[in-house]
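The values are calculated or read from the model by the stated rules, or taken from the named source; none is laboratory data. Note that the coordinates shown come from a computational prediction; the quantities given were computed from them, not determined experimentally. All Cβ positions, glycine included, derive from the backbone under ideal geometry; neighbour counts span all protein chains shown.
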Amino acid sequence: MSQKIARWGWTVLALLLAAVQIPVLVKSAGDPTQSDFANYFTPAFVLARGGDLGALYGRDGFAKAMTEAGLTGLGSFVPHPPANALWLLPLAGLPPGAAKSVWTIVLICSILGAVWAVNRLAPGVRPSLATVLVLGPTLAVRNGLAFGQPYLILTSLLLVGVLALQHGSLALAGFLLGFGASFKPYALAIGVLFVHRDRRRLLAGFACGALGPSSALWMLTGAQPFIEFASKVLPWMARGDIQDPFSPGWGSLLALVNRFLRCEPDLNPQPWVHAPIAARFVGAAISAALLILGLVAARKALDAGKATVAVAIGVAFSLCASPYVASYHLVLLVLPVLAVAHRLRAASLGIWLIFWALLGSPLVNMFRSVPGILAPLAFIRLFGLLAVAFVIAWPFLDRLMLRRAVGLGAIAGVLALPWGRSEEAWERVSRARGYSMANPHFCGAHLRWWAPSADGHGLESRGEGFECGTAAASIRGDERVTSRFTHGSWNLYLDNVEAGGASTRLTFSDANEIDPTFSPDGCSLFFASDQGRGLGSTALYRLDIATVSSGCGKVGLASARRRSEQEELPPRPRDADSLQPPGRR
């Protein structure tokens, strides 16, 4: 009787979890405006038309391609590896809304595939319970469907790969387990498990899966997209300096360390202490120690004949060490959660699944804005992820392993110290505060700029005076200021046309300086930079160029005079501040 009640209970719960996803499906199934969908559709659109995929690693190039693809809102191909252009390539000929609808159907099918694989991996697990395991992290599933991220597909492939491993199809298992590494590099760590003379078929399959998509793209486009990614994105990814590296939204170890030990006036004004050198050491040391510990424990599990547990440990610890653990990544934890759930019964199983549901629910975001000594509460999801990893790996851990992992982690921390980025003391535009300020420009004597809108679906104009467009005055008289990628980052240069194109380098930091514009008197430059923040998260700065500019104090271009005349017009209505720039409305 009790078994029958439990069976009906799991069925009802599975139906409820499926019903929870219906509103988001109705709202977002065909909505391509979420920025993450643009990150996959735009490169596929460019690739299908033989365009320059490498140009998408520049903000202007991506914005132009988005407009051509018929997309609006925010988007950036950073920090996605080039192979991600292949996901939506078969749908690149469809309108964005239709492509998003078809892609949502594919994601739903991947959920069904994951439920089937869980049921086959653990024969004692009924389909209803398998559904609860897959749909339990409601926020992770919801965001995966809404944003169009491929992690639901990768979860299904991961589970099927382990199923193939259980049945002795080693080459196929390796291929499926390695497939995700071409799109998400942190998955490469799992391949270390197969570096053994008795696992050559697994390793060969993993290598084919990991290198196959990138190799196919290389043949289609050449090396340029990979060069662009390796030079302009990969170093920032390795440091964890991508798009607000302090945000609890990433839920990563590096974000936690940055939150405690690095000060940033807008994004993290109240750290426990400002010690950036300590942040580099601690972040690298703990991340490396976790990764090493997980891989050693996984190798022990694999040697003991527990292949499913071994891969689960590798996945869990790879996520723990990853610098980016957004909500939609949690669906990859289905395998580790299953590996623990399979050995639990009755009340213990219920408690474990409640913990799994809370870990992937909106409740973990309750404390995201907590400052000061309570800041760790903002990273509850990270602590839950660590708990999953250690629960599954505990039978294979010992003190010697812990000591060695800590020692090797300390070495990694020391090696990370030279990764510090040199900075410059520019004057900050204090009134331009927030996550990503961009494209500063003058409307007469008033400085304005563009920033993400409150709903996150586009940009809005901010600043003083009234909105007059987006054009920045990068040319003044015989001088032009440009942003060029040199010495490993984007830097500003002042070019003089009359002096035979003589060029003066103006910025020397390791950050990226972009969107330069002259002040009305020509004696200053205003620009955006991600110095001390994260790649793609810019603040506005002012740089005095009176000593190097021949046009300082002189009359500017006719276009600048026209903007001054526009200032005499009556002010626009108050809601004009929320107007979108052309192509992003």
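A few comments on the model shown:
- Selection over the stretch 179-205 of residues that are over 27 Å from the mean Cα position of the chain (by Cα) and surrounded by fewer than 21 Cβ atoms within 10 Å (Cβ to Cβ) gives a count of 9.
- The stretch 123-133, subset touching a residue at least 24 places away in the same chain (Cβ under 8 Å) and outside any helix (DSSP H, G or I), residue surrounded by the most Cβ atoms within 10 Å (Cβ to Cβ): V125
- Of the helices (runs of 4 or more DSSP H) entirely within the stretch 134-223, those holding at least 2 residues that are within 24 Å of S101 (Cα to Cα) occupy 138-147, 151-166.
- Criterion applied to R448, R476, R505, R462 was being under 28 Å from R421 (Cα atoms) and basic (K, R), and the one residue passing it is R505.
- Check on V102, closer than 25 Å to G360 by Cβ and touching a helix residue (DSSP H, G or I) at 6+ places or on another chain (Cβ under 7 Å): no
- Check on A416, touching a Lys or Arg at 6+ places or on another chain (Cβ under 8 Å) and either outside the structural domain of T308 (by TED's automatic domain parsing) or in a loop (DSSP other than H, G, I, E, B) (or both): no
- The stretch 335-351 residues that are in contact (Cβ under 8 Å) with a residue 40 or more places away in the chain, paired with ones that are among the basic types (K, R) (beta carbon under 9 Å, 6 or more apart): A339/K306
- Condition met for R381 (touching a helix residue (DSSP H, G or I) at 6+ places or on another chain (Cβ under 8 Å), part of a helix (DSSP H, G or I) and over 19 Å from S252 (Cβ atoms)): no
Conditions (1) out of contact with any Pro (no Cβ under 6 Å at 6 or more places or on another chain); (2) modelled with pLDDT under 90; (3) within 21 Å of L176 (Cα to Cα); (4) among the hydrophobic types (A, V, I, L, M, F, W, C), marked per residue:
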site	(1), (2), (3), (4)
A204	yes, no, yes, yes
G222	yes, no, no, no
F226	no, no, no, yes
A230	yes, no, no, yes
M237	no, yes, no, yes
L253	yes, no, no, yes
L293	yes, no, no, yes
A297	yes, no, no, yes
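- Counting only residues that are surrounded by 18 or more Cβ atoms within 10 Å (Cβ to Cβ), free of Cβ contacts under 8 Å to residues at least 60 places away in the same chain and farther than 17 Å from Q224 by Cβ, the stretch 45-79 holds 4 of them.
- Residue that is under 20 Å from P516 (Cβ atoms) and not charged (D, E, K, R), where the choices are G444, G413, G458: G444
- Among the candidates L402, L344, residue that is among the aliphatic types (A, V, I, L, M), outside any helix (DSSP H, G or I) and surrounded by fewer than 14 Cβ atoms within 10 Å (Cβ to Cβ): L344
- Here R431 qualifies as under 28 Å from R542 (Cβ atoms), in the same structural domain as D544 (by TED's automatic domain parsing) and without any contact (Cβ under 8 Å) to a residue 60 or more places away in the chain.
For (1) in contact (Cβ under 8 Å) with a residue 60 or more places away in the chain; (2) of a type in the set (S, T, Y), each residue gets a yes or a no:
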| position | (1), (2) |
| --- | --- |
| A189 | yes, no |
| V192 | yes, no |
| H196 | no, no |
| S214 | yes, yes |
| L217 | yes, no |
| L220 | yes, no |
| I242 | yes, no |
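- Criterion: surrounded by 13 or more Cβ atoms within 10 Å (Cβ to Cβ), modelled with pLDDT of 85 or more, closer than 22 Å to A528 by Cβ and of a type in the set (A, V, I, L, M, F, W, C) - qualifying residue of L494, L415: L494
- Subset of the stretch 305-320 (residues that are of a type in the set (A, V, I, L, M) and surrounded by fewer than 24 Cβ atoms within 10 Å (Cβ to Cβ)): A307
- Test for R120: is it modelled with pLDDT under 95, assigned to a helix (DSSP H, G or I) and surrounded by fewer than 20 Cβ atoms within 10 Å (Cβ to Cβ): yes
- Within the stretch 134-161, the set of residues being among the β-branched types (V, I, T) and surrounded by fewer than 24 Cβ atoms within 10 Å (Cβ to Cβ) comprises T138, I153, V160.
- Within the stretch 474-489, the set of residues being under 32 Å from the mean Cα position of the chain (by Cα), within 22 Å of R448 (Cα to Cα) and either at pLDDT below 90 or hydrophobic (A, V, I, L, M, F, W, C) (or both) comprises S474, V481.
- With respect to the conditions (1) in contact (Cβ under 8 Å) with a residue 12 or more places away in the chain; (2) within 22 Å of G251 (Cα to Cα); (3) of a type in the set (V, I, T), I354 falls short on a single one, namely (1).
- Scan the stretch 85-106 for residues that are in a helix (DSSP H, G or I) and either aromatic (F, W, Y) or surrounded by fewer than 22 Cβ atoms within 10 Å (Cβ to Cβ) (or both) and the total you get is 12.
- The number of residues in the stretch 523-540 being farther than 13 Å from P245 by Cβ and crowded, with 23+ Cβ neighbours inside 10 Å comes to 8.
- Residue under evaluation C208, criteria (1) surrounded by fewer than 19 Cβ atoms within 10 Å (Cβ to Cβ); (2) among the hydrophobic types (A, V, I, L, M, F, W, C); (3) closer than 30 Å to P418 by Cβ, criterion not met: (3)
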